[in-house]
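> Input: one structure, supplied below.
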Amino acid sequence: MDTLLQDLRYAARLIARNPGFAAIAIITLALGIGANTAIFTVVNAVLLRPLPFSDASRLVMVCEKSPFPTISTSWENFQDWRDQSHSFVSMEATRGTTITLTNAGEPERLSARMMTAGIFPLLGVNAALGRTFLPEEDKAGAPHVAVLSYGLWQRRFGGSREIRNQSVTLDSVPYTVVGVMPAGFQLLQPADVFLPFVPWAHTLPQDRNWHPGIIAVARLKPDVSLQQATAEMIGITKRLEQQYPEYNTGTSADVEQLQSRLVLGVKPALLMLLGTVGFVLLIACVNVANLLLSRAASRGRELAIRSSMGASRGRIVRQLLTESVLLSLTGGILGLFLAWSALGPLLKLSAGSVPDVFSIGLDGWVLFFTFGVSIVTGLLFGIFPAFRTAKLDLREALNESTRGSTSGPRQHRIRGVLVATEIALAMVLLAGSGLLLRSFSRLQQSNPGFRPDHLLVADVPLSQTAYAQPQQRYEFFDRLVERARGLPGVLSADAASFLPVSGGGSVIHFNIMGRPPKSPSDYIAAGYRTITPGYLATLRVPLLQGRWFTQADNEKAPAVVIINNTMARTYFPNENPLGKRLQLGATPSPAAEVPMMEVVGVVGDMIPGLGVDPQTEMYLPYRQADLVLPVFQLSVVLRTSGDPLLETSALRSALAGIDPNQPLVKVRTMENNIFANAAQPRFRTWLLGIFATLALLLAAVGIYGVMSYSVTQRINEIGIRIALGARPGDVFRIIVGEGLRLALAGVAVGVCVAFAMTRTLRSFLYGISASDPLTYIATAAALTLVAIAACYFPARRATRVDPIVALRYE
């Protein structure tokens, strides 16, 4: 311990005597370690840290697998799963929705989560104030009760403990508050209020095709594995398929860890970014190793004297490694501060990409990671220079006292190899960043199928109690759209159940008149949108065939439908779709129960999300669709002549004039709506671009350092060349040419490595190949130009060498 303290004191004195060298090394390490710490903080919170529930590793999500993309299940299937399974302690249901709070100040649309009463014991969570639901409160006809989130309790009720047993009005229905959940409690998604599940579920139609977002959450029994539970659920779904072939054909189930399911979308991007910052740290290590080799050349005499006085090679290596680790720990402390400072902007950039259920911040594991990375980094960049320095020839080092250097051609070649390695690593990151950047550019330029400019959109969710009757809903939306059309600066106004490029929508079975399905495997489905008559024209969607909806297409008129071009080509190839008759439902039903709809128009395709190919979609007039599937929420769309956001207050006033208790939700422009849909690709593209730029700067510093040191070591040679008649241009070309050779060697190796490693980016790319030649050529050219720029100043300094001064040393 005494020896270690002695080495640390000596290392600290050396660092203090060389502040320029220490500053460069510490800042370089801080950038690499800080980048790793910042990304690990997110990875730790999302992928490694268990969910804040009791024995979270045994919490699972039971997902339905069917020919249609959904993880939710029907209420009937859920009840059969729960009653027939034996692998779980219990299985509970939950569903996200929204609800309007009206008796606590200004009306506000809240995020709500319906939960069966047993889900709180399942998670091992108790209320912070009051209690959660009782089993008898989660039944049809039970009194209305609610549990508030901690955030809503503080924000709307001032944290008053008197809220318990008080009444709040949600969607025009009084609910008794029975409890408040702890701060930070979330399940799947953030929610403001929690409601019993079964009273709502009993209002659903008895239709196993009806998937209203019901998610099954369960806890595995202690002696049951994930594979055993999955096998049991597959057996149950096979029995249900035989029992209900009309609904459950092709339907199975899968059991996944709850946390694994929550991070499914973001995990690949986080692992990719973690690998990226690892490359940045390697570049930083190579850079500092080069600095240490350069510094060791000037310490040859000192180390030789220590050896001659009895210091063993192992003792010298230990001293040099102590210096390296001290540098790295200092860089780690600064890197931790940089990571803490960058965490806020990082989370802001990741908005919409990382699930909100995870609480991201520095903790003990992050501190341990930073400490461990700092130690390993110090050993990594210090061990090679330490062993190289310890092998110095004693006689040669002492004879070089007049020059103070033990640098030779071999030492110079080693530093050159290290620089080429830096450039190769930077090339890999730049190539990956270039591919994602070009992919993101293609993504943003993808045609949405309509004109998104000058559009203001806002959601208008109606209370299912206050607007229980269809005629009430018709009158409300008719008045709202009519008032919106009369606002100054509004060219047109309409509404729809789901907006394009929003990542959401409904899929529904339908059948074609004269083509009944022969078996359940022949069932067909399409996207389902309910719209006001002028909606498609307001969005400037092209009409390809037929006509638009009109005001005459109401609940008293024959049912009509407009389909998109993809649906026309899919189900009516080589024939005219106009006049064809469709019916909602997988199999034909009597027209008196479900009307046949005539295809009256074909419109262009709109994409459901960026990077997603157009899907089959049908559009129904909302007055006709509401008779089949009640519509309680539409999104209003206003096309304006100027800035759409300037119409927000006027639209709120128009809405308040119809119903003062009705909130306007998520007011935004259509362009911002599309921007939000690109959150994940934007997050990974920006971060990889930032880290690739950092790698490029570190590589440039490495080239500059080696070439600058090379010029310093070759002052005599350069002086002789100039004395013998070499012109400044000749000297400039020699120095730049040497740096260029290193750069080209690194670029060549980097291209080969990048070509192999960027295959892993295929799932992130849109409209571009992972082997796109333009990206590789541009990246290699940019890196070469940066290398030339880094060589410029050392080369310029070399041209100014005075041969008289240089030869004086000879």
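The values are calculated or read from the model by the stated rules, or taken from the named source; none is laboratory data. Predicted model, so just to flag it, every value in this text is computed and none were measured. Don't worry about glycine lacking a Cβ; one is built from the backbone with ideal geometry, like all the others, and counts go over all protein chains shown. The protein model used for the area step is the full one, side chains on, heavy atoms only, and it has no ligands, DNA or RNA in it. Shrake-Rupley method; radii C 1.70, N 1.55, O 1.52, S 1.80 Å.
> Determine, for each peptide in 217-223, 601-607, the mean count of other beta carbons within 10 angstrom over its residues, then list the peptides with the highest first.
Details: 217-223: 17.7, 601-607: 21.3.
The most tightly packed comes first, giving 601-607, 217-223.
> Where nothing but the Cβ of Lys and Arg (+1) and of Asp and Glu (-1) is charged, how large is the charge dipole of the chain around its Cα centre, in debye to the nearest 20?
My answer is approximately 3580 debye.
> What does the convex hull of the Cα atoms of region 489-620 come to per residue, in Å³, rounded to a whole number?
Numbers: hull volume 16.3 nm³, N = 132.
Expressed per residue, the convex hull around the Cα atoms of region 489-620 is 123 Å³.
> Then there is this: Highest first, please rank the peptides 633-645, 685-697, 242-254 by the mean number of other Cβ atoms sitting within 10 Å of their residues.
Values: 633-645: 19.5, 685-697: 21.4, 242-254: 17.1.
Final packing ranking: 685-697, 633-645, 242-254.
> Taking the Cα centre of region 574-711 as origin, sum charge times position over the Cβ atoms of Lys and Arg (+1) and Asp and Glu (-1), and report the length of that vector in debye to the nearest 20.
Values: 9 positive and 11 negative charges, 80 e Å.
About 380 debye.
> Right, something else. Based on alpha-carbon centroids, what's the gap between region 493-562 and region 149-216 in Å, whole number please?
33 Å
> Sticking with this one: Using just the alpha carbons, could you tell me how many Å³ per residue the convex hull of the chain encloses? Can you show the working numbers first?
Values: hull volume 172.4 nm³, N = 810.
In the chain, the Cα convex hull volume per residue is 213 Å³.
> So for region 15-92, what are the equivalent ellipsoid semi-axes in whole Å, largest first, each being the square root of 5 times an eigenvalue of the Cα gyration tensor? Walk me through the numbers on the way to the answer.
Details: eigenvalues 558, 46, 8 Å².
They are 53, 15, 6 Å, listed largest first.
> Hey, what did region 460-576 get for relative contact order, percent, Cα under 8 Å, at least 6 apart? Let's see the in-between values first.
Numbers: 78 pairs, mean separation 21.4, N = 117.
Result for region 460-576 is 18 percent.
> So, for region 679-740, what is the accessible surface per residue at a probe of 1.4 Å, expressed in square angstrom?
41 Å²
> Using the heavy atoms of the protein chains and a 1.4 angstrom probe, tell me the accessible area per residue for region 419-524 in square angstrom. Walk me through the intermediate numbers first.
Values: 4330 Å² over 106 residues.
Accessible area per residue, region 419-524: 41 Å².
> Let me ask something else. Let me know the charge dipole size of region 123-266 about its Cα centre in debye, to the nearest 20, where only the beta-carbon of Lys, Arg (+1) and Asp, Glu (-1) is charged. Write down the numbers at each step before the final one.
Values: 12 positive and 13 negative charges, 81 e Å.
My answer is approximately 400 debye.
> Once the Cα gyration tensor of region 664-810 is found, what semi-axes does its equivalent ellipsoid get, as square roots of 5 times the eigenvalues, in whole Å, sorted largest first?
Values: eigenvalues 443, 59, 25 Å².
Equivalent ellipsoid of region 664-810: 47, 17, 11 Å, largest first.
> Angle between the Cα long axis of helix 773-799 and the longest principal axis of the chain, 0 to 90 degrees, nearest 10?
30 degrees
> Roughly how many Å² is the accessible area per residue of region 153-253, as a whole number, for a 1.4 Å probe? Provide the component values of the computation, followed by the final result.
Numbers: 4800 Å² over 101 residues.
I get 48 Å² per residue for region 153-253.
> Under 29 Å between alpha carbons: how many lysine pairs meet that in the chain, if sequence neighbours fewer than 8 apart on the same chain are excluded?
Lysine pair count for the chain: 14.
> Kindly sort 433, 519 by accessible area of their heavy atoms, largest first, with the probe set to 1.4 Å.
On the way: 433 15, 519 40 Å².
Putting 433, 519 in descending order of accessible area: 519, 433.
> What percent does the relative contact order of region 685-807 come to when contacts are Cα pairs within less than 8 Å and at least six residues apart?
On the way: 89 pairs, mean separation 61.6, N = 123.
Answer for region 685-807 is 50 percent.
> Related question: Hey, if you put +1 on the Cβ of every Lys and Arg and -1 on every Asp and Glu Cβ in the chain, which of 590, 270, 378 ends up farthest toward the positive end of that dipole?
It is 378.
> In degrees, nearest 10, range 0 to 90: what is the angle between the Cα axis of helix 364-390 and the longest Cα principal axis of the chain?
Rounded to the nearest ten degrees, it is 30.
> From the residues 288, 172, 237, which one has its Cα farthest along the dipole of the chain in the positive direction, the dipole being from +1 and -1 charges on Cβ of Lys/Arg and Asp/Glu about the Cα centre?
Highest projection toward the positive end goes to 288.
> Let me ask you something else. Write down the Å³ per residue value for the convex hull defined by the alpha carbon atoms of region 461-561.
Values: hull volume 17.6 nm³, N = 101.
That works out to 175 Å³ per residue.
> A further question follows. How tilted is helix 2-17 with respect to the longest principal axis of the chain? Cα atoms for both, answer in degrees (0 to 90, nearest 10).
So the inclination is approximately 90 degrees.
> Find the centroid of the Cα atoms in region 664-687 and in region 37-99, then give the distance between the two in whole Å.
Between the Cα centres of region 664-687 and region 37-99 lies a distance of 26 Å.
> Can you check what the net charge comes to around residue 532, using other residues whose Cβ is under 15 Å from the Cβ of residue 532 (Lys, Arg +1; Asp, Glu -1)? List each step's numbers first, then the result.
Details: positive: 473, 479, 483, 485, 529, 623, 639; negative: 459, 475, 478, 482, 494, 553, 555, 626.
Result for the neighbourhood of residue 532: -1.
> Compare the peptides 137-149, 197-209 by average per-residue count of other Cβ atoms within 10 angstrom and give them in order, highest first.
On the way: 137-149: 18.0, 197-209: 15.2.
Going from most to least packed, we get 137-149, 197-209.
> Relative contact order for the chain: what is it in percent, counting Cα pairs under 8 Å that are at least 6 residues apart? Before the final figure, lay out each step's value.
On the way: 1410 pairs, mean separation 130.0, N = 810.
Taking the mean separation of contacting Cα pairs over the length of the chain, I get 16 percent.
> Just going by the charge dipole of the chain, with Lys and Arg at +1 and Asp and Glu at -1 on Cβ, which of 89, 204, 347 is farthest out on the positive end?
Farthest towards the positive end: 347.
> Could you compute how much accessible surface residue 86 exposes when probed at 1.4 Å, giving the result in Å² to the nearest 10?
Spelled out: residue 86, probe radius 1.4 Å, area about 130 Å².
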